[in-house]
Amino acid sequence: MNLLDKIETEMNTASDALVNDMKSLDGDIIILGVSGKIGYNLSALLMDALKKAGIEKNVYGVARFSDGNHSRDALEAIGVQTLVADFMNDASLQSLPKVKNVIFMVGYKFGSTGNESYTWALNSYLPGRVAEVFKDSRIVVFSTGCVYPLVNVEAGAPSEESMPEAIGEYAQSCLGRERIFEHFSKTNQTPVAIYRLNYAIDVRYGVLVELARNVYEGKPVDVTMGQVNVIWQPDASEMALRSLLHTTVPANVLNITGPETLSVRWLADRFGARFKKPVTIVGTEAPSALLSNASKSHELFGYPKTSIREMIEIVATWIEHEGSQLDKPTHFQEREGKY
Ligand SMILES: NC(=O)c1ccc[n+]([C@@H]2O[C@H](COP(=O)([O-])OP(=O)(O)OC[C@H]3O[C@@H](n4cnc5c(N)ncnc54)[C@H](OP(=O)(O)O)[C@@H]3O)[C@@H](O)[C@H]2O)c1
């Protein structure tokens with residue numbers, strides 16, 4: 001097995017904690033929005049965990065598969081039953097299998113500036129339709145740390161006790177998604193977990209890939225957004241699946257990210273040292289940044305398995321060996337909420 005295949009295999013291998021949790025989970029699972037950046041990894045970990053646990057469940061993965069059938073074929077190959085549906089078409093939504101467990105990963109971010117009405121329809125209106133259709137299920141709702149404002153770095157990151165204050169229409173519509181699911185959790189007694197993610201780190205996209213590529217290619221690194229929180233995507237995917245066992249009425253809000261607030265300058269320097277290349281910094285660190293305190297999810301699941309230095313090494317190895325890339329930038333530097 002070559003180095004890149006080895007990295008991918010490890011990313012898609014379930015931990016004992018996930019295997020054990022899947023043993024306690026009753027019912028089949030449907031993943032809505034399975035063809036995006038996180039869907040395959042989450043599905044692969046789930047299928048591996050079910051296999052290791054010796055459990056048979058139907059796992060459905062649904063999207064429009066707007067990338068053609070590339071992601072669909074890969075999902076089918078690991079045993080996910082794929083279904084093509086546009087959730088904005090109500091008949092398609094109603095026709096989906098009504099299973100016990102739902103992972104809702106649908107969202108619209110890039111292009112939202114200039115397409116505001118669709119952004120609100122997909123991110124805030126559709127959740128109401130989904131919450132009604134799956135009112136007898138338990139639902140993990142992917143959300144984003146963007147629902148918090150930029151905070152003074154010295155004051156520290158907001159936790160779930162802090163009030164959201166979303167900047168810009170994308171983040172506001174995501175807060176709308178959360179509030180609508182919260183509403184239907186109360187009115188229909190549907191157990192829900194709101195999963196507020198800050199920056200999944202994958203080898204094909206993400207904050208570390210962007211910083212690493214800039215350094216590797218001799219491009220400058222802007223440090224105006226001077227601090228970030230990140231989490232290894234497989235650790236985040238496992239927490240999403242394990243959150244099925246932490247859905248509650250009213251909804252349980254969970255910040256999902258790593259334990260450290262990381263300096264962007266320090267991350268760039270680490271890649272510089274790893275690649276033995278000079279680092280060009282532009283800008284100066286602003287006093288505020290988009291941050292998240294995920295201590296509540298760490299209490300539930302433990303700290304993420306993969307450390308920041310391990311992530312740096314894996315991403316650097318992937319880039320050095322010219323592993324494939326998605327070329328989907330995160331725009332983590334954005335400070336006005338315009339995506
Ligand atoms: N990746 C991160 O680091 C990160 C960070 C914070 C929050 N999040 C949130 O976590 C969720 C999952 O992340 P991601 O990166 O995997 O998102 P993504 O790449 O944007 O994927 C979104 C998924 O939704 C599907 N979708 C969109 N509109 C649809 C429609 N009308 N009908 C059916 N399917 C539809 C897309 O598939 P088709 O186009 O094929 O239909 C795709 O499968 C998103 O809500 C994202 O905002 C992600």
- Query: Does the range 275-320 hold any residues that are touching a Gly at 6+ places or on another chain (Cβ under 8 Å) and of a type in the set (Lys, Arg), and which are they?
  - Reply: Lys277
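Every residue, every condition in (1) touching an Asp or Glu at 6+ places or on another chain (Cβ under 9 Å); (2) closer than 30 Å to Leu25 by Cα, yes or no:
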site: Gln233; (1), (2): yes, yes
site: Ser237; (1), (2): no, yes
site: Thr248; (1), (2): no, yes
site: Leu254; (1), (2): yes, yes
site: Leu262; (1), (2): no, no
site: Thr284; (1), (2): no, no
site: Glu310; (1), (2): no, no
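Go through the range 47-77 and give me each residue that's away from the ligand (no atom under 16 Å from the Cβ), surrounded by 17 or more Cβ atoms within 10 Å (Cβ to Cβ) and either modelled with pLDDT under 95 or not acidic (Asp, Glu) (or both).
Initial filter on the range 47-77 (away from the ligand (no atom under 16 Å from the Cβ)): 47-58, 77.
Those left that are additionally surrounded by 17 or more Cβ atoms within 10 Å (Cβ to Cβ): 47-50, 52-53, 57.
Result: Met47, Ala49, Leu50, Lys52, Ala53, Lys57.
Yes or no, residue by residue, for (1) surrounded by fewer than 16 Cβ atoms within 10 Å (Cβ to Cβ); (2) at negative phi:
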site: Gln227; (1), (2): no, yes
site: Pro234; (1), (2): no, yes
site: Ser237; (1), (2): no, yes
site: Val249; (1), (2): yes, yes
site: Ala268; (1), (2): no, yes
site: Arg274; (1), (2): no, yes
site: Gly283; (1), (2): yes, no
site: Leu290; (1), (2): no, yes
site: Asn293; (1), (2): no, yes
- Task: Working only within the range 104-149, note down all residues that are of a type in the set (Ser, Thr, Tyr), within 13 Å of the ligand (Cβ to nearest atom) and buried (at least 20 other Cβ atoms within 10 Å of the Cβ).
- Result: Ser112, Thr119, Ser143, Thr144, Tyr148
- Task: Please state which one of Arg265, Arg335, Arg309 is out of contact with any strand residue (DSSP E or B) (no Cβ under 9 Å at 6 or more places or on another chain) and basic (Lys, Arg).
- Result: Arg309
- Quick check: is even one residue across the range 154-162 within 29 Å of Val315 (Cβ to Cβ), more than 16 Å from the ligand (Cβ to nearest atom) and either polar (S, T, N, Q) or crowded, with 24+ Cβ neighbours inside 10 Å (or both)? yes
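The values are calculated or read from the model by the stated rules, or taken from the named source; none is laboratory data. Computed from a prediction, not measured in an experiment: that's the story for all the values here. Every residue, glycine as well, gets a Cβ built from its backbone with ideal geometry; the counts of neighbours run over all protein chains shown.
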